[in-house]
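Only the coordinates and a few stated rules stand behind these numbers; no lab work does. All values derive from a computational prediction rather than experimental measurement. A quick note on method: Cβ atoms are made from the backbone with ideal geometry, for glycine too, and the neighbour counts reach across all protein chains shown.
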């Protein structure tokens, strides 16, 4: 069973650049503005896998971004680089430069091990999943050959519960974010978030709270960080693949994977998150044998942006160092 603690919302900062570049952008963050997050292609037995490697003085976290995000989208890896950890961020199947077909999270896990072997990463701090990336992190944590010592799940879904949480989202999502339409959708989003009013509208959709109750808590740097995230997003063919794996018919397989995780696990989530129901965090914490649940006060699904970032950095650091 899970212990619960309430904390404030965090804010991420980006780390240093990776070594080999096929595409790059300014990584969001206040402390290192202008640092480039550079992607690298690693060949595997199933095809190319795109990563971003952030060097650090401490062992790296294997980082799996959420839906609509490839490896170069900073979905909160600053929580780990802040403590000196490196990061290896992966573009999951269907995203960015990863071209391995519509593999499931279970099928992609051995390729994660291949990438780590090629990068000579033998010591790992944790497997970290954000949102839709959580299922991938679960399967990577199961890999006994990889030897992941800890698992962290931030605002993740699907758990053993169906995801998306509403029938309408399950029906509309595969259409709006299909490979055919997603490019147009994200061009409109990028245009919308250029202004603060447009960004406010997009952020409001990710919260159950009235936006006027929390918008003013975000600094100009927070808003720039959120804007950079939206501008980085694309669905490619990955989001449709994510939605398929969240269907109710795969619930038993997901629950089996969760119950097979043997390492200590930190689960975080917010009841104010409109992107992923807090019920998923509770379900993860109940199904994974050695899991603790930390309830956040984050007003939206973008949990790492806001004035309480330092508090969550401390929680993550304490968990990894234990």
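Distance between Cα centroids, the stretch 65-86 to the stretch 278-312: provide it in whole Å. The stretch 65-86 and the stretch 278-312 have Cα centres spaced 16 Å from each other. Computing Rg and the Kirkwood Rh from the Cα coordinates of the chain gives a ratio, Rg/Rh, of 0.92. Computed from the C-beta positions of residue 144 and residue 216 and an R0 of 51 Å, the FRET efficiency is 0.60 to the nearest 0.05.
Residues of the stretch 291-308 with an amide N closer than 18 Å to a point placed 7 Å from the Cα of residue 262 along the Cα-to-Cβ direction: 291. Computed from the C-beta positions of residue 123 and residue 181, the FRET efficiency with R₀ = 45 Å rounds to 0.60. Using the Cβ-Cβ distance between residue 290 and residue 166 with R0 set to 41 Å, the FRET efficiency from 1/(1 + (r/R0)^6) comes to roughly 0.85.
Label sites at residue 194 and residue 310, each approximated as a point 7 angstrom past Cα along Cα to Cβ, lie 3.6 nm apart. Debye sum, Cα scatterers, the stretch 228-322, no solvent: what log₁₀ I/I(0) at q = 0.12, 0.14, 0.15, 0.20 1/Å? At q = 0.12, 0.14, 0.15, 0.20 Å⁻¹ the computed log10 ratios are -0.50, -0.68, -0.78, -1.21.
If each DSSP helix of 4+ residues adds -39,500 (n - 2.57) and the sum is divided by the residues in the chain, what number results at 222 nm, nearest 500 deg cm²/dmol?
Using -39500 (n - 2.57) per qualifying helix, the result is -10000 deg cm²/dmol.
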